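What follows is a single structure, written as structure tokens, with notes after it.
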């Protein structure tokens, strides 16, 4: 009995030790893989997914990294991420500043996807949401500087819907108009043509993944003018008609601005005399 | 003491070369390498020469815009991450599963997988350099690895293993650009060379583990029509990447029929090549009735 039990007990111990070792080793590796995969969840700002891509969390589960979208892109703009790049290895992306999406009407990349990671229910490229253009730098945008660059507006495949030019007064000159490019998220496809075409050294308008680019109003917010229109009238006290006190001969219409001919230019106001600081604040004493 | 005696270790297969000639003693090896390089070339013909017979990579490929083939293992991970792929990918996976049910799951490892070229080279070099000793990790560790990849897929909700998988990394890398994937492949190579004999493919790779499960019911198997002729030269054990699969069939352990039934046999056919007595041959498992083996007691019927 003892002769039979002793070796089997030793074998059992060995088996348990081996199993524990194996489980720990594999478990540690699994932890590493899991954490690594978690880190790759957030798409880096310069990487844009092809049209129809599912939201990033679902995409990383649905994309099997086969590269058929890369192959079927007629403009060869897509890459598969290499291991050293900060997104899931083997998943497709493009960089708008290098090669933007050319927005093929027949959606070859979407059709090529065998799993539906690029959603096959997308039939119209103009409905795609690859990302969202954002005019990131108001200091370098030439239109903000008062020039008529307009390139982002002109190259936009959804011109006058995705990007419009919003006219504003150039307060620097006091007599010119700034044509401010405004991106409208309900029409922008995120193709990146504006970013590619922006003439500044570093693009002043950039396309970002939607999660980075889009804000969201709190759900309890109501827009007064919308609510007023819906209700057919003011929901609070009736609006008092605004009265403008204009110089002789001048007229102001809402939305049109000033018109008319001012009689005489009022003399420039003399600069106000510098206000002396109260005694208490002079020097370093109270 | 150190008298030079003619005891230089005879390389496994030398006897077979002498008995059958070099070509016959390397037949399956040559066929297998042709298959591995041929499949790789089919994938590379598109990007290299613009001949688009096969598009994609081993995870999913489309042949002549007609035949979809998908890796059922990556599809399983996608399912574990709670995404149901569309019909084309599922069809591709079904075709591949059916194919390997027929030819043996781990045939994938020896006839298709590009990493096998790397690890076979590591093993060849290991023998050439006379590197002895090997870390001990039990072979079933690969099934733990397989489980781990499915659990990480489920927990992270993404095909997490694809970020590290040397198999798809190598194949995709060769076709779409390697990047730093060479470092992962070098790690696998060095691990097999210096740390562990048949380390990656024989002990750890979850892809092989998955395909071995498909292979449990494989039709194409290595049979031993002449196992009585075995002269115990041990050459088959020396060349086999999974030597544990040979013994039961060769020695009729517990009445095992003369066919290698173990799912981890990769159907590489190298044992057929190196056997000077022609003990082995490819066959099917249809007729696996136990032939009475002289001198070995049959297992008592249960």
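Brief remarks on what is shown
- Residue A:139-residue B:194 pseudo-label distance in nm [points 7 Å out on the Cα-to-Cβ vector]: 5.1 nm
- Helix A:2-39 and the longest principal axis of the C-alpha atoms of chain A enclose an angle of approximately 20°.
- Modelled spin labels at residue A:222 and residue B:63, positioned 7 Å past Cα toward Cβ, are 6.5 nm from each other.
- Rounded to 0.05, the FRET efficiency of the residue B:238 and residue B:138 pair, given R0 = 22 Å and the Cβ-Cβ distance, is 0.60.
- Cα long-axis angle, helix B:87-103 against chain B (0 to 90 degrees, to the nearest 10): 0 degrees
- Computed label-point distance, nm, for sites residue A:20 and residue A:126 using a 7 Å Cα→Cβ extension: 6.8 nm
- Peptide A:21-29 is shielded by partner chain Cβ atoms: per residue, an average of 5 of them sit within 10 Å of its Cβ.
- Taking a point 7 Å from the Cα of residue A:180 along the Cα-to-Cβ direction, the residues of segment A:128-150 with backbone N closer than 19 Å to it are A:133-150.
- Order of B:91, A:177, B:256, A:189 under a 10 Å beta carbon neighbour criterion, fewest first: A:177, B:91, B:256, A:189
- Ascending count of other beta-carbon atoms within 10 Å, so fewest first, for A:69, A:104: A:104, A:69
- Counting beta carbons within 10 Å around each of A:234, B:168, A:219 and listing the fewest first gives the order A:219, A:234, B:168.
- FRET E, pair residue B:226, residue B:99, Förster distance 30 Å, beta-carbon r, rounded to 0.05: 0.55
- Rounded tilt (10° steps) of B:141-156 against the dominant C-alpha axis of chain B: 10 degrees
- Whole-angstrom gap from segment B:93-152 to segment B:210-262, using each part's C-alpha centre: 17 Å
- Per-pair calculated FRET efficiency, R0 = 56 Å: residue B:19 and residue A:41 via Cβ, rounded to 0.05: 0.40
Throughout, read-outs are computed from the coordinates displayed, never taken from laboratory work. Bear in mind that the values here come from a model prediction, so they are computed numbers and not experimental data. Cβ: placed from backbone, ideal geometry, glycine included. Neighbour counts: every protein chain shown.
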